[in-house]
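For reference, the structure is listed below as structure tokens.
The values are calculated or read from the model by the stated rules, or taken from the named source; none is laboratory data. Values in this document were obtained by computation on a predicted structure and should not be read as measured data. Cβ: placed from backbone, ideal geometry, glycine included. Neighbour counts: every protein chain shown. When the accessible area is computed, the model is the full protein with side chains, heavy atoms only, and any ligands, DNA or RNA have been set aside. Shrake-Rupley method; radii C 1.70, N 1.55, O 1.52, S 1.80 Å.
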Amino acid sequence: MTHFPPPVPRPAPVDVVLPCLDEAAALPWVLARIPAGWRAIVVDNGSTDGSAETARGLGATVVHEPRRGFGAACHTGLLAADADIVCFCDCDASLDPALLTPFADAVRDGTSDLVLGRRRPQGRGAWPPHARAGNAVLARMLRRRTGLRLHDLGPLRAARRTALLGLGLTDRRSGYPLQMVVRAADAGWRVEEREVPYRPRTGRSKVTGTWRGTWHAVRDMRAVLQQPPLAPATEETAR
């Protein structure tokens, strides 16, 4: 009898990083919307509501990041990914991860290096006025800094994993999404923005739900915009 070696597991075609802090109520809807064949990587950032157990029970890969911070959770998810293309999405049901399919297609086809979702509020309370105002200010500052004609710094996005690691991202707080765009622009990436519906989130926001949280986010992002361009890092130094 001929014995064949067991098949070597192949990386998922796309990994979706989902930073998570007390999102147990939103996880069933979010994970049900992950495109077929893709892998959901839920990065638990210190939840106390059973989010990790809920995600694991729904079939997601769960990793833990004890350092609090949106950027810390996102980067831990990026390091845990092994697919060629990595997407990011909030875990609060405000954004539909099913919308990431054309984002990933654009990256895979080589028409874009980084695809971002431009949020369009759907329904009352989807995007508080103070958060929208802060985002608009930062978008204008980003345009002046990079020349990119972007309108939003939304968390729904897609890019190649090795290229993201090569950006050498260092922010581990609210400035992480902005630093990704700034360094991508400095590296000459083709950055594209696509409109996506933005729903009222499930539960209370840790950032945009309060003036204080918004102010801290704006502060972190302004610090990123003041950083000089850096030479791209290797995959190893990105860790």
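Summary of values
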read-out: Subset tally (residues that are among the aliphatic types (A, V, I, L, M) and free of Cβ contacts under 8 Å to residues at least 24 places away in the same chain) for the range 86-133; value: 1
read-out: Test: residue in the range 65-78 that is of a type in the set (F, W, Y), open to solvent by less than 10 Å² (accessible area, probe 1.4 Å) and in contact (Cβ under 8 Å) with a residue 12 or more places away in the chain; value: no
read-out: Any pair with Cβ under 8 angstrom, 6 or more apart, that starts in the range 190-201 at a residue that is within 22 Å of S112 (Cα to Cα) and ends at one that is open to solvent by 60 Å² or more (accessible area, probe 1.4 Å) and assigned to a strand (DSSP E or B); value: E195/R120; V196/R120; P197/R120
read-out: Strands (runs of 3 or more DSSP E) lying entirely in the range 55-170 (those with 3 or more residues that are over 15 Å from the mean Cα position of the chain (by Cα)); value: 61-64
read-out: Any hit, the range 91-98, residues being acidic (D, E) and exposed (fewer than 15 other Cβ atoms within 10 Å of the Cβ); value: no
read-out: Test for R118: is it at pLDDT 90 or above, open to solvent by 50 Å² or more (accessible area, probe 1.4 Å) and closer than 22 Å to F70 by Cβ; value: yes
read-out: Among the residues listed as C74, C87, the single one being at pLDDT 95 or above and over 19 Å from S51 (Cβ atoms); value: C87
